[in-house]
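A quick write-up on the structure given underneath.
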Amino acid sequence: MRKPIIAGNWKMYKTIGPAIELANGLKREFYKIEPADIDIVLCPVYTCLSEVAEVIANSNIALGAQDVYWQDEGAFTGEVSAPMLKDAGCTYVIIGHSERRQFFAETNDTVNKKIKAALKHGLLPIVCVGESLAEREANKTFDVLTGHVQNGLVGLTAEEVARIVIAYEPVWAIGTGKTATSAQAQEAHKYIRDLLVKFYNKELAAGVRIQYGGSVKPENIEEIMAQPDVDGALVGGASLKIESFSEIIKRGLKVKVKK
Ligand code: PGA
């Protein structure tokens with residue numbers, strides 16, 4: 001049984017005050033949720049990490065960053081390292097988000113270095129993969145996914161890959177209001193899991209959690225989470241409000257944790 005994981009990617013939104021308010025509100029909403037049932041992660045901007053960490057300390061919510069640099073320290077102006085993120089209270093880190101690939105020249109090679117750095121320092125990477133609209137229309141979805149998974153994870157042992165969460169995020173569904181159909185999501189998730197069987201082994205592939213991301217909202221979370229290979233969600237816009245994010249968690253939980 002894979003434990004569901006739902007993460008909120010706050011992107012470049014919220015200054016410290018509103019970030020604390022949102023984290024506090026979510027903590028109040030989730031206090032009854034069993035930590036054994038689901039992993040809930042908040043990924044604020046760097047400047048809010050410590051404050052949000054303080055709010056969610058001793059709760060069932062974990063902290064994640066939105067990016068990481070692969071060196072531990074040095075003359076790399078503007079970058080933040082894995083030990084620094086650990087120090088700020090992070091457990092997770094998003095790596096290779098399509099916005100980073102698109103606007104900040106992130107490649108499978110930099111993604112690979114970042115994953116290795118995160119794992120080395122005990123951070124759990126949420127590795128984003130997914131095709132653009134042009135790639136989907138050119139029937140290149142599976143080639144892109146193969147490239148992202150194969151090259152992004154190159155050189156990692158099975159034990160290391162077991163600690164990774166993969167987020168399938170079709171770029172055309174991010175922030176656009178367009179969601180992949182649950183069948184499209186399941187098809188891509190199954191394909192990714194089969195790649196893990198091919199590159200590693202069946203047992204490992206069966207244990208790796210694969211989240212769906214792209215315009216996830218309370219109205220569509222149940223259908224998406226009901227797919228057998230969908231283990232959670234990476235939520236952007238709808239994670240910025242207490243009502244919508246807590247509704248997503250509650251509905252997602254209902255689908256996956258049938259008690
Ligand atoms: P969205 O973003 O939910 O606003 O589409 C998802 C993401 O980019 O992680």
Shape box of the chain [Cα atoms, principal axes, largest first, Å]: 49, 44, 34
Computed over region 1-77, Kirkwood Rh from alpha-carbon pairs, angstrom: 13.5
Rough spin-label spacing in nm, given labels placed 7 Å along Cα→Cβ, for GLU243 and GLN102: 2.8
Per DSSP, loop trypsin sites (Lys or Arg not before Pro) in region 55-148 with at most 16 further Cβ within 10 Å: LYS140
Within the accessible area of region 5-258 (1.4 Å probe), percent carbon and sulfur: 53
Once the Cα gyration tensor of region 145-202 is diagonalised, semi-axes √(5λ) in Å: 24, 12, 9
Which of GLY232, GLY213, TYR200, positive extreme of dipole for region 193-241 (C-beta unit charges): TYR200
Chymotrypsin sites (Phe, Trp or Tyr not before Pro) restricted to DSSP loop in region 83-177 with at most 13 other C-beta within 10 Å: PHE104
At R0 = 41 Å, FRET efficiency that the Cβ-Cβ distance of ALA75 and VAL197 yields, to 0.05: 0.45
Residue (of LEU63, GLY177, PRO4) at the positive-pole extreme of the chain, dipole from beta-carbon charges: PRO4
Å² per residue, accessible surface of region 5-258 at 1.4 Å: 44
Under 24 Å from the Cα of LYS116 - lysines, other chains or at least 8 residues apart: LYS3, LYS11, LYS86, LYS198, LYS202
In region 28-57, the GluC sites (Glu not before Pro) that fall in loop regions by DSSP, at most 10 other Cβ within 10 Å: none
MRE, 222 nm, helices only [DSSP H, n ≥ 4, -39500 (n - 2.57), over the chain, to nearest 500]: -13000 deg cm²/dmol
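The values are calculated or read from the model by the stated rules, or taken from the named source; none is laboratory data. None of the values given here were measured: they were computed from a predicted structure. So basically every Cβ, Gly included, is an ideal-geometry build from the backbone, and we count neighbours across all protein chains shown. Just so you know, the surface numbers come from the protein's heavy atoms only, side chains and all, with ligands and any DNA or RNA stripped out. Shrake-Rupley method; radii C 1.70, N 1.55, O 1.52, S 1.80 Å.
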